Structures are given as C-alpha cells and as structure tokens.
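Participant: First the structure, then my questions, so here it is.
The values are calculated or read from the model by the stated rules, or taken from the named source; none is laboratory data. Only a predicted model underlies this, so the values are computations on that prediction, with no experimental measurement involved. Using ideal geometry, Cβ is built from the backbone for each residue, glycine included, and neighbour counts are taken over all protein chains shown. All accessible areas refer to the heavy atoms of the entire protein, side chains included, with ligands and DNA or RNA removed. Shrake-Rupley method; radii C 1.70, N 1.55, O 1.52, S 1.80 Å.
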Amino acid sequence: MMKSFFLALLIFTTHLKAADVVVYGGVPCGIAASISAAREGAKVVLIEPTKHVGGLSTSGINTAESEHMLKWTIGGFADEFYRRLGSHYQIKGPEYFFESSVAEKIYLEMLREAGVEVHFGASVDKVAKTGARITGITLTDGTQLTARVFIDAGYEGDLMARAGIKYAVGRESKAEFGEEAAGIRFDKTPRKARTVDENGRLLPGISAWARDLREGDAHRAPMNYNFRLTVAKDPALQVPIPAPKHYDEKRYTLLAGWLRDQTQQGKPVKLKDIVDPYRRRNGKFELNNKQSAIYSLGHFGGQFDWPDASYAERARIYQDHMEYTLGLLHFLATDESVPATVQNEMKSMGLHKDEFADNGHLPYQLYVREARRMRGEYVVKQQDVQEDRRKTDSIGMSSHFIDSHHVQRVALNEDEFVNEGRIWRMGYAYQIPYRALTPKAAECENLLVPGAASFTHVAFCTLRLESVWMITGHAAGVAAAMAVKEDVTVQKVPVSPLQEKLRTQKQVVDFIPGLPEKCEHLNGPPEF
C-alpha cells in the first residue's frame, strides 16, 4: 500500500515542473528567448511539441533570408548563431546559408551551454489564469508547468490563444488600418487553363470564382504553406522520393491541362518552371514554392483552416500537404501530360540521404508562414515598416521585403484563372516596438508573444523570417528575466534598461548613421 502511494506520488511529481520562465515553441524564436532568459539567470523550461528543435531552420529552410535584407540589422543572438555556423564551415564571420542537420546541432549545443531544460513531444492543452495572470499550463502529455512569466514563441500562437488573448487570422481589409497592400489582391496577368471539370465544378486547387471576391476586402486565410524538401542530384547522395500513399492524378488536372496546352503551342517547359531547386551545401538542393509558376509546391487553399484547427485536424492538414507534395513530384516524374525532358529531370532527383534520416528523409515541419497574429498593446502596420519606421521602445530591427506568397487561385471564367494574395514590396530598416510583443495589460500581464506578434498581415510579411524571429525572441527572453527579477508585469518592464541590456548583447536596437535604410538589391546565395 505504502509502496503504491510513493510510486503514485513519484509519477505525479515528475509531471509537475516549476520555472521562472516557460517558453513555448522550440523554433528559433523560442530558442533565442530561452537562452537569453537563462543567460540572465532565469530558470527556463522550453517546450517543443515535436522531437526536434529549430523549427524550419532544421526542417529545410537553409537560409537566413539575408539576400532580401540589410545584413547590418541582424545582431544579438541571431548574429551569434550565424557566426557559429561560420565557425562550423570554417569561414570568418556569419554564415547565412547552411544545412538543417548542422543548424540543429548548433542549436542543441547552445541550449545545453545555457542550461535550458527542453521538454519534447507535447503541446499546450490548457492555460490556467487568475485574473490577467497565467498561473500554469497543462500539456497534452499531462505535464503541468508553473512560471512567473510565459513566452509564446510558436508559429501558431497556441498558448496565446488558450490564454484568451485577442488575435487576428487571415488578412485585414485595406480599410481597417489604411494599408495600401492589404486585403484580397488579384494578380494582374490571367493564366490560361481549364478551371472546371465536365460538370462545371471548380478543379482541385482553385478556391473560388473571382466574381465572388472584391479587391481590398478582408479574407480569412493566411498565405500558402509547403514543405521545404532537401534533395540531391548526385545518385550517390540520394534515397528515392516516395510516392504518396493515396496518389490521385486528378488533383493535378489544372497543371496537366496547362502542360498539354504548352505542348500544343510548341512552347518548351522546364522543371524549373514549376519547381526551382536552390543550391545549398554538400550536394544539397532546397525545394520551395515558386511564386511565378502556374503550379508549384505551395498547396493553395490547403492552409485555410490551419491557424485555429485542433491538433488532430492539423495532423490531417499536415498529411494532406505531404500527400500533395509527394503527389506533385510523382506526377512530374510519371504523368503522360508531362514532357519527357521534365520527367527525366524529376526522376534524376532523390531525397538527400544525410537529412531527416529519422523521418524518412522528409522535413519534420510544414512551413507555416503565418497563422494567428496577436492584437497587442501596439499593432505594427504597413506604414510602420515603410514610413513611420522609428520607435522609442525599439527592441530590435528588421529590413526584409514585404513578402506574402499567394493565398489561393480563383477562376475568372472556365478557361482562365488568377493567383491571389501576392505582395512583394521594397524592404526598409525599421524598429520593432516592444509593445508589439506584449498583450493588452487587461488580457494578460505575464505573457510575451515574440512569434505570433502584434502585426497586421502586411507588416507580418517582414517579421516571418527565422532570423528576425530570433531578434524578437532574444528581446523577449531578456524582458521576461527582467520582469521576474523586478517583480513587474511584462508591460511594466522598463524599456530603457531593457534596450541597454540588448545593446550590450550586440542586438541592433538603433539606426546606425551612414548605413543604408532601404533594401534595394537582392543578394543571391553564393555558389557552393
């Protein structure tokens, strides 16, 4: 009897964890937050729902996106991480192009050095609050955690949402914040392809009729998602790309029709018209959604329900994206509508044998470009990232282009469609305000949200890079530790001392006289 009691007590107590700071999401933002808080003396627990830290930096996105940024804005923890990559590759200075497995190795080393405890394999289930204060959270594996301050660094803002914080999903209208690039946005060039089947129903991959939508209106969906596969062209480095479990060629009817039309017109088609591999290190190539393609890796429409979906529903959407991705590659390698030259080039590729070995050499995470966005103390808008770019409570900077991938395809008529949702605007250096990381005080006083931060869709397109998220994560970690030490709410963390700490840690908080503020040129990756 007594033995059973102590066994039950042991099991119970091992499911209770107390910390100064709990960080949700072992993505680069959460890693930066955890390590930065720990370096300030806080006891930190980092929760990662999957089996791997690093988010998309360890799941196929092997660039800092510095080719679309002003590199001088990348400082602090982010710069430290890229310099560690540089050391690994035996180059002087930061390295912005890397391999997923190397990034994961370095992240894990940095977490161990900082003494951060990482809890793998469980998601946030419930959030307990007293008034405007989170008192604890429960994970899906039954673990309960208490902390003085919580940080939601995840892509989806799941902890934030369960804490009752107001947020937005999808795209605001032009009218809501007076943003020129907001709302529904039709591409200017119609695409020729059959859009309906023999019964007049829209083909797979086409979401709506253009006549039912209006330019500039709000829309419920974020930009599209896709997997960033790592492939090899050298047969010695390959494992076969698996066919999907439930292949249906009808899913690609739109693409098949376009390919046949191109062939009839005598127009050549290359694989890079649909999928364009980015050259990376050690014989690796990174596959991404191609913006200008009629059809590519972006699963248009498949992402609509992800932000507010349950974990079970997200698992279904994840699998649907994987089936779409593997199906597209299988289609390109085998379908009779695909020119032989394209088939042969697709068949010549395989998954790279050195990446994601415990996951069938497929990336661990779906590229969730955008999900929920908090409505915090301050909402960063298009005007803040292009015009009103200076903020007194700056905690870091970004300079990335306003880059929104398409959201959906819409039919103009039975034989034409347009893609919808693309934004590509000049990048400018701008200061990220601390207020964009804090909820409204009445909603929660001990939560920071550097991931699904308080930005509109248009402005979020400049935040949604792992390099920038490490900048906001760094600031959130230091601010959380200060809130614990000084026993204040996150909204009352003194900004000037926070900024001074960040400056001493080489975070770029201020504009630097003489350095460019406009990102006018795209700098491509080096040849490896």
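Participant: Could you tell me whether H361 is crowded, with 21+ Cβ neighbours inside 10 Å and either under 17 Å from the mean Cα position of the chain (by Cα) or of a type in the set (A, V, I, L, M, F, W, C) (or both)?
Facilitator: When the stated conditions are applied, H361 does not pass them.
Participant: Right, next: On the given criteria, is A221 open to solvent by less than 70 Å² (accessible area, probe 1.4 Å) and of a type in the set (G, A, S)?
Facilitator: yes
Participant: While we're here: Say whether the condition of being among the aromatic types (F, W, Y), touching a helix residue (DSSP H, G or I) at 6+ places or on another chain (Cβ under 8 Å) and either free of Cβ contacts under 8 Å to residues at least 24 places away in the same chain or over 21 Å from F150 (Cα atoms) (or both) is met by at least one residue in region 49-72.
Facilitator: No: zero hits.
Participant: Inside region 286-344, can you point out the residues that are without any contact (Cβ under 8 Å) to a residue 12 or more places away in the chain and open to solvent by 20 Å² or more (accessible area, probe 1.4 Å)?
Facilitator: Result: S292, S310, A312, E313, A315, R316, Q319, T334, E336, A340, Q343, N344.
Participant: Continuing with this model, one more query. How many residues does region 448-497 hold that are polar (S, T, N, Q), assigned to a helix (DSSP H, G or I) and within 22 Å of A78 (Cβ to Cβ)?
Facilitator: 2
Participant: Among the residues of region 88-100, write down those that are under 14 Å from P28 (Cα atoms) and open to solvent by 30 Å² or more (accessible area, probe 1.4 Å).
Facilitator: Listed by number, the list is empty, since nothing qualifies.
Participant: Oh, and also: I need a count of the residues in region 373-388 that are assigned to a helix (DSSP H, G or I) and buried (at least 19 other Cβ atoms within 10 Å of the Cβ).
Facilitator: Number of matching residues: 4.
Participant: Further question: Just checking, which of R281, R251 is assigned to a helix (DSSP H, G or I), basic (K, R) and open to solvent by 10 Å² or more (accessible area, probe 1.4 Å)?
Facilitator: R251
Participant: Just to be sure I understand, how many residues within region 467-503 are among the charged types (D, E, K, R) and either open to solvent by less than 20 Å² (accessible area, probe 1.4 Å) or on the phi > 0 side of the Ramachandran plot (or both)?
Facilitator: 1
Participant: Checking L328 against (1) within 16 Å of the chain's Cα centre (by Cα); (2) part of a helix (DSSP H, G or I): exactly one of these is not met. Which one?
Facilitator: (1)
Participant: Would you point out which residue out of G121, G26, G41, G115 is touching a strand residue (DSSP E or B) at 6+ places or on another chain (Cβ under 9 Å) and buried (at least 20 other Cβ atoms within 10 Å of the Cβ)?
Facilitator: Step by step, each of G121, G26, G41, G115 is checked, and only G26 is touching a strand residue (DSSP E or B) at 6+ places or on another chain (Cβ under 9 Å) and buried (at least 20 other Cβ atoms within 10 Å of the Cβ).
Participant: May I pose another question? Can you spot a residue in region 389-407 that is modelled with pLDDT of 95 or more, open to solvent by 40 Å² or more (accessible area, probe 1.4 Å), in contact with a Phe, Trp or Tyr (Cβ under 9 Å, 6 or more places away or on another chain) and assigned to a loop (DSSP other than H, G, I, E, B)?
Facilitator: yes
Participant: Name the helices (runs of 4 or more DSSP H) wholly inside region 24-124 in which the number of residues that are hydroxyl-bearing (S, T, Y) and closer than 28 Å to L515 by Cα is 1 or more.
Facilitator: 28-39, 76-88
Participant: If you take the residues of region 202-218 that are in contact (Cβ under 8 Å) with a residue 60 or more places away in the chain and among the small types (G, A, S), which of them is surrounded by the fewest Cβ atoms within 10 Å (Cβ to Cβ)?
Facilitator: Only one residue tops the list, namely A208.
Participant: A further question on this structure: Scanning for something out of contact with any strand residue (DSSP E or B) (no Cβ under 6 Å at 6 or more places or on another chain), under 29 Å from F77 (Cα atoms) and open to solvent by 10 Å² or more (accessible area, probe 1.4 Å), does region 128-142 turn up at least one residue?
Facilitator: Yes, because at least one residue in region 128-142 is out of contact with any strand residue (DSSP E or B) (no Cβ under 6 Å at 6 or more places or on another chain), under 29 Å from F77 (Cα atoms) and open to solvent by 10 Å² or more (accessible area, probe 1.4 Å).
Condition check ((1) closer than 30 Å to G86 by Cα; (2) hydroxyl-bearing (S, T, Y)) across all residues:
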| position | (1), (2) |
| --- | --- |
| H246 | no, no |
| T263 | no, yes |
| N282 | yes, no |
| L287 | yes, no |
| K290 | yes, no |
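Participant: When you check C444 against the structure, is it in contact with a His (Cβ under 9 Å, 6 or more places away or on another chain) and crowded, with 24+ Cβ neighbours inside 10 Å, yes or no?
Facilitator: no
Participant: Residues to consider are E370, E355; find the one that is more than 24 Å from F460 (Cα to Cα), of a type in the set (D, E), assigned to a loop (DSSP other than H, G, I, E, B) and open to solvent by less than 40 Å² (accessible area, probe 1.4 Å).
Facilitator: Answer to the selection: E355.
Participant: When you scan region 226-248, how many residues do you find that are of a type in the set (A, V, I, L, M, F, W, C) and either assigned to a helix (DSSP H, G or I) or without any contact (Cβ under 8 Å) to a residue 60 or more places away in the chain (or both)?
Facilitator: 2
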